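The values are calculated or read from the model by the stated rules, or taken from the named source; none is laboratory data. Quick caveat: nothing in here was measured; it's all calculated off a predicted structure. Glycine gets a Cβ as well: all are built from the backbone with ideal geometry, and neighbour counts include every protein chain shown. When the accessible area is computed, the model is the full protein with side chains, heavy atoms only, and any ligands, DNA or RNA have been set aside. Shrake-Rupley method; radii C 1.70, N 1.55, O 1.52, S 1.80 Å.
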Amino acid sequence: MPNKTYGYMRVSAKDQNEARQKIALRNFPVPEKNIYLDKQSGKDFNRPAYQQLIEKLQDGDVLVIHSMDRLGRNYEEILEQWRVLTKAKHVDIVVLDMPLLDTRSRDGDLTGLFMADLVLQILAYVAQKERENIRKRQEEGIAAAKKRGIHFGNPGKPLPEDFERVVRKWRTKEIKLPEALEALGVGRTYFFQHVKRLDL
C-alpha cells in the first residue's frame, strides 16, 4: 500500500475556528478525508480524534500539523509522542510553520529526522525555561505586592477533587454552568479562574 498523508488540527474551545489550520493542511496537500480535528485543551493527548489518528498511522505515513502548539502544550508529552511516532511507528512529521521540524529524509539520509529531533529538544528546553521564568516573575510580583500590603483574596481554598471531571461535563454540554458551580460549591469567578489556569 502507498504511504498516506494525514493532517491533525486542534482548537482549544468549541467556539474557536479551525479554518486557518484547515486551509494550510489542504494546501500541503492533505486529503480532506485524512484530516482529524479535536476541539479541546492541549494539556494532554487523551483526545478522541488524535487517538483515532494514531491507530490509523502506519510505517512511512506522513503527519502534517500547522504548528507545534496544535499538537499539544506540554513539551514533555510532545517529546514522548514525537518519539512514539517517529521511532516506534516510523511516521514522518511535518510542522508547517517551522520548516526545520520536518523529519522526511533528504537524499535517503537521516538528516531530516536528526535536525527535527534537535530543534524539538531545543524548543522543549526554551519552553521549560520560560515556564520557570514566568513562575519566578509571578513569585517576585506577589512578594513585592505583599510588601506593599496588597492581599490576594483566599489563596487557601483547595480545588475540588472532581473539578476537572465537572469541567469536562460542562464543556461537553452535559450540564449547564449553574449546575457545574453547584456541584463544585464554587462561584463563577473561582470557576473560570481555575479553568483558565489549568487550561481545561
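Couple of notes before you dig in:
- Percent carbon-and-sulfur accessible area, the chain, ignoring ligands, DNA and RNA, probe 1.4 Å: 53
- Within straight-line cross-link reach of Lys136, lysines at Cα separation under 17 Å, skipping those fewer than 8 residues along the same chain: Lys146, Lys147
- Relative contact order of the chain: 16 percent, from C-alpha pairs under 8 Å at least 6 residues apart in sequence.
- Across Asp69, Asp44, Asp162, mean-square fluctuation computed from a Gaussian network of the chain (C-alpha pairs under 10 Å connected) peaks at Asp162.
- Value of relative contact order over the range 48-119, rounded to a whole percent, pairs C-alpha under 8 Å and six or more apart: 27
- Using just its DSSP H runs of length 4 or more, each adding -39500 (n - 2.57), the chain gives a mean residue ellipticity at 222 nm of -14500 deg cm²/dmol after division by all residues.
- Accessible surface, 1.4 Å probe, highest first, among residues Ile150, Ile23: Ile23, Ile150
- For Ala180, net neighbour charge (Lys/Arg +1, Asp/Glu -1) across residues whose Cβ lies under 14 Å away: +2
- Proximity of backbone amide H atoms, modeled 1.01 Å from N, is registered between Leu37 and Met9 at under 5 Å, excluding neighbours fewer than 5 places apart on the same chain.
- Gaussian network model of the chain, springs between alpha carbon atoms under 10 Å - residue of Arg26, Arg131, Arg73 with greatest fluctuation: Arg131
- Amide H within-cut-off set for Thr5, under 5 Å, with H built and near neighbours excluded: Val62
- Links that overshoot a 23 Å alpha carbon limit, given the list Lys39/Lys169; Lys22/Lys196; Lys33/Lys196; Lys22/Lys43; Lys169/Lys196: Lys22/Lys196; Lys33/Lys196
- With both labels modelled 7 Å from their Cα along Cα-to-Cβ, the His90 to Gln16 distance reads 3.5 nm.
- Once the 1.4 Å probe is applied to the protein heavy atoms, the chain comes out at 63 Å² accessible per residue.
- In nm, spacing of pseudo-spin labels at Asn46 and Asp69 (7 Å Cα→C-beta vector): 2.4
- For the range 1-53, relative contact order (Cα pairs under 8 Å, six or more residues apart, normalised by length) works out to 42 percent.
- Distances between placed amide hydrogens fall under 5 Å for Ile93 paired with Leu63, Thr103, Arg104, all partners being 5 or more residues away or on another chain.
- Phi angles of the range 172-185 translate, via the Karplus equation with coefficients 6.51, -1.76, 1.60 and θ = phi - 60°, into HN-Hα couplings of 8, 6, 5, 9, 8, 4, x, 5, 4, 4, 5, 4, 8, x Hz per residue; Gly and Pro are given as x.
- Straight-line reach from Lys89: taking Cα to Cα under 12 Å and skipping same-chain neighbours fewer than 8 places apart, the aspartates and glutamates in range are Glu55, Asp59, Asp61.
- GNM flexibility winner over the chain from Ala88, Ala24, Ala145 (Cα, springs under 10 Å): Ala145
- Solvent exposure, largest accessible area first (probe 1.4 Å, DNA, RNA and ligands not counted), of Asp92, Asp61: Asp92, Asp61
- Met115/Lys4 FRET efficiency (R0 25 Å; Cβ-Cβ; nearest 0.05): 0.60
- FRET efficiency for Ser105 and Leu198, using Cβ-Cβ distance with R0 set to 35 Å, rounded to 0.05: 0.35
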